[in-house]
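J.: For reference, the structure I am asking about is given below.
The values are calculated or read from the model by the stated rules, or taken from the named source; none is laboratory data. All figures in this text were calculated on a predicted structure; none of them were measured in a lab. Cβ coordinates were reconstructed from backbone atoms using ideal geometry, including for glycine residues, and neighbour counts include every protein chain displayed.
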Amino acid sequence: MSTLARGSLAFMDAGRVISDSLDNSNSTVQDSLPPMDKPRLLPPHMSLGEKILWGEHGLVHTLGIEPPLSPRERMGEIKLRRTMLTAHQIGGFTTLALMLTADYFGQLTIDGDRRAGDIHQTIITATIISYAATGLLAILSPPPLIRRDEGGTIAIHKALAWIHVLGMIITPILGSTIRHHRLFNMDQAHFHQLAGYLTTAVFATSMLVIVF
């Protein structure tokens, strides 16, 4: 074999060695690269209720109410959240209107118009239903994609919610003590009236801080 041929074969063998080395090197580099992170679909901080309902293994997904968590499904949840919070705001103003109406007919009842008492009771029932539905719209809504620091008006709104929830529990209890063996207890009525007015004022404030 000529010197030129031997040189050509040696050059080809060297090329194959280099090519194999590059392939092995690329394979090693690829193996050493960290896996691509999955996109974050849920905020890092969720309440216990949000985890139970809307977590990756929450009831909404495990029971088949919604498909398994995915980017497309998550966008649907964000739209649902927006709709529920809008309904929450509308329900808040509806509840406030019912509270004011209940206060009005309650005042008429205390002033001596006992016929207004039946209307007052009916409106109280509607107020409790509206109040509960409005609260559930916020509590059961899906979590946001990114949970920012909820300071300012949001923090005030949530703090006031604890107060008017307490008022919505105490006021009906006080109202149940007004009548005893068909006798109208005026002292108990005034306590009930004060609790109703305070609850309405706190609830109105919690609504106004969000709007303005």
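Listed here are the residues, each with its yes/no results for (1) under 30 Å from His190 (Cα atoms); (2) loosely packed, with under 14 Cβ neighbours inside 10 Å; (3) at pLDDT 80 or above; (4) over 44 Å from the mean Cα position of the chain (by Cα).
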site	(1), (2), (3), (4)
Gly15	no, yes, no, yes
Asn24	no, yes, no, yes
Thr28	no, yes, no, yes
Pro39	no, yes, no, no
Trp54	no, no, yes, no
Val60	no, no, yes, no
Lys79	no, yes, yes, no
Thr83	no, yes, yes, no
Gly92	yes, no, yes, no
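J.: Which residues, counting only those in the stretch 179-212, are hydrophobic (A, V, I, L, M, F, W, C), at pLDDT 90 or above and under 15 Å from Leu108 (Cα atoms)?
T.: Of everything in the stretch 179-212, those that are hydrophobic (A, V, I, L, M, F, W, C), at pLDDT 90 or above and under 15 Å from Leu108 (Cα atoms) turn out to be Ala189, Leu194.
J.: Right, here's the next one. Here is a check on your reading of the model: is Gly92 outside any helix (DSSP H, G or I) and farther than 24 Å from Pro67 by Cα?
T.: In short, no.
J.: If you don't mind, there's one more thing I want to ask. Any chance you could count how many residues in the stretch 151-165 are surrounded by 14 or more Cβ atoms within 10 Å (Cβ to Cβ) and among the aliphatic types (A, V, I, L, M)?
T.: So the answer is 5.
J.: Could you look through the stretch 174-204, keep only residues that are free of Cβ contacts under 8 Å to residues at least 12 places away in the same chain and part of a helix (DSSP H, G or I), and pick out the one that is surrounded by the fewest Cβ atoms within 10 Å (Cβ to Cβ)?
T.: Looking at residues that are free of Cβ contacts under 8 Å to residues at least 12 places away in the same chain and part of a helix (DSSP H, G or I), I get Asp187.
J.: Right, another one. Quick check on the stretch 142-155. Is at least one of its residues in contact with a helix residue (DSSP H, G or I) (Cβ under 9 Å, 6 or more places away or on another chain), part of a helix (DSSP H, G or I), under 30 Å from Lys51 (Cα atoms) and modelled with pLDDT under 95?
T.: yes
J.: Before we move on, is Ile169 at pLDDT 90 or above, surrounded by fewer than 13 Cβ atoms within 10 Å (Cβ to Cβ), under 31 Å from the mean Cα position of the chain (by Cα) and under 21 Å from Asp118 (Cβ atoms)? Give the steps one after another, and end with the answer.
T.: Working: at pLDDT 90 or above: yes; surrounded by fewer than 13 Cβ atoms within 10 Å (Cβ to Cβ): yes; under 31 Å from the mean Cα position of the chain (by Cα): yes; under 21 Å from Asp118 (Cβ atoms): no.
No.
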